[in-house]
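Read through the structure below, which is laid out as structure tokens, and then see the notes.
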Amino acid sequence: MNIKRVHAVYFSPVGKTRLVVTALAGEIAHLLGVPLTGDDLTLPAAREDARIYEPDELVVFGTPTYAGRIPNKLLPAVKELFTDGTYAVALTTFGNRSFDDSLSELRSVLTENGFCVIAGAAIAAQHAFSETLAADRPDADDLARISAFAAAVCEKIKRGDDTPCSVRGRDPVGPYYTPRGLDGEPKVFLKAKPVTDKEKCRSCGLCAAGCPMGSISTQDYASVTGICIKCHACVKHCPVGAKYFDDEAFLSHKAMLERDYTRRAEPEFFI
Ligand SMILES: Cc1cc2nc3c(=O)[nH]c(=O)nc-3n(C[C@H](O)[C@H](O)[C@H](O)COP(=O)(O)O)c2cc1C
Ligand code: SF4
Ligand code: SF4
């Protein structure tokens, strides 16, 4: 297959998935000597439009792992990606615990949509919940391994090898991961939403503008009027640290992760 363009397509509330997808897609485009296009599906308006990809293009599609799967709010947008056997590289990021079934699920949904998924990768990146978990990831070693993987993908394309890749994870996927707390018991925080320190808030509106669910009121930035997926974009993007979660079950889960998942999770590549 003679690839004419590479698309970096991603859902990335906090930005780590964008960083990793752009690094991989950029390197592939460079090695193939073709243009690179970026397509950010994070904000609600960007997910409204359908996309059509040609058979002579390559899509690097990236999403974070949420509870061991891909974010379910992203699924409708994936179904609006139209393709005719377009080559794809499926990529998930994960916050040093595990990607569980997220890569397998992404590979399946892209395949159901007509993509030919020739390669996959799961890359550890700083956990959106935490300042300490995988704090410096992806690091230089991760980026070097991503570059080597890009070269392997290009070799596969140049050989004309369109064998769909196998990835680690259940297929069909299993249930969502059950978060546990410091006491080892399951913790439920589905209804948790960020709170706002009104003393600190400067009403800049960045949190509302960056919420992937469009759930923060533009009339009152402290008010979360819609669904919260706990992505932490508003927490990370607030310039004065005014947003935070105070839900006890959530905080216990976060503390458990920071206690139990300090070992280095390596990236995994499939081709
Ligand atoms: C709601 C939520 C659930 C998550 N679940 C997992 C998980 O099951 N396993 C894991 O290792 N990391 C998990 N993470 C961490 C993210 O996968 C990781 O921080 C990712 O890089 C975030 O991508 P982004 O920076 O592009 O938003 C979760 C993060 C969030 C916000
Ligand atoms: S309100 Fe919830 S969904 Fe919106 S940016 Fe904040 S954490 Fe993410
Ligand atoms: S980003 Fe922070 S300072 Fe800006 S409106 Fe939101 S809470 Fe207030």
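Just so you know, all these numbers are worked out from the coordinates, no wet-lab data involved. In this text, all values refer to a predicted model and were calculated from it rather than measured experimentally. When we count neighbours, we look across all protein chains shown, and the Cβ atoms used for this are built from the backbone with ideal geometry, even at glycine.
Multiplying the residue separation of Asp171 and Lys158 by 0.36 nm and subtracting their alpha-carbon distance yields 1.8 nm.
Region 1-36 to region 229-246: how many Å between their Cα centroids? So the separation of the two Cα centres works out to 27 Å.
In region 195-246, Cα pairs under 8 Å separated by at least six residues give a relative contact order of 43 percent. As a calculated quantity, the FRET efficiency between Ala222 and Arg264 at R0 = 35 Å, using C-beta atoms, amounts to about 0.40. Of the cross-linked pairs Lys200/Lys230; Lys79/Lys191; Lys16/Lys73; Lys16/Lys79; Lys187/Lys243; Lys198/Lys236, those separated by over 25 Å at the C-alpha level are Lys79/Lys191. For region 195-246, the share of alpha carbon pairs falling in successive 10 Å distance bins from zero is 29, 64, 7 percent.
With the helix formula -39500 (n - 2.57) applied to DSSP H stretches of n ≥ 4, the chain reaches a computed 222 nm mean residue ellipticity of -8000 deg cm²/dmol. Within region 62-99, the trypsin sites (Lys or Arg not before Pro) that combine a DSSP coil assignment with at most 14 other C-beta atoms in a 10 angstrom radius are Lys79. Note on Ala255 and Cys204: the model spin-label points, each 7 Å out from Cα along the C-beta direction, lie 3.0 nm apart.
The convex hull built on the alpha-carbon positions of the chain has an orientation-averaged projected area of 14.0 nm². Give me the distance between the Cα centres of region 115-184 and region 253-271, rounded to whole Å. That distance is 12 Å. Here the relative contact order of region 45-198, from alpha carbon pairs under 8 Å that lie six or more residues apart, stands at 21 percent.
From least to most packed, judged by other beta carbons within 10 angstrom and beginning with the fewest, Val34, Val78, Val117, Val240 follow the order Val240, Val34, Val78, Val117.
If R0 equals 45 Å, the separation of the Cβ atoms of Asp84 and Ala140 corresponds to a calculated FRET efficiency of about 0.75.
In order along region 82-87, the phi-based Karplus estimate (6.51 cos²θ - 1.76 cosθ + 1.60, θ = phi - 60°) of 3J(HN,Hα) comes to 9, 8, 10, x, 4, 5 Hz; Gly and Pro are listed as x.
For region 143-271, the calculated P(r) over all alpha carbon pairs, in 10 Å bins from 0 to the bin holding the longest distance, is 10, 26, 25, 24, 13, 2, 0 percent. Relative contact order for the chain: 20 percent, from Cα pairs under 8 Å spaced at least 6 residues apart, divided by residue count.
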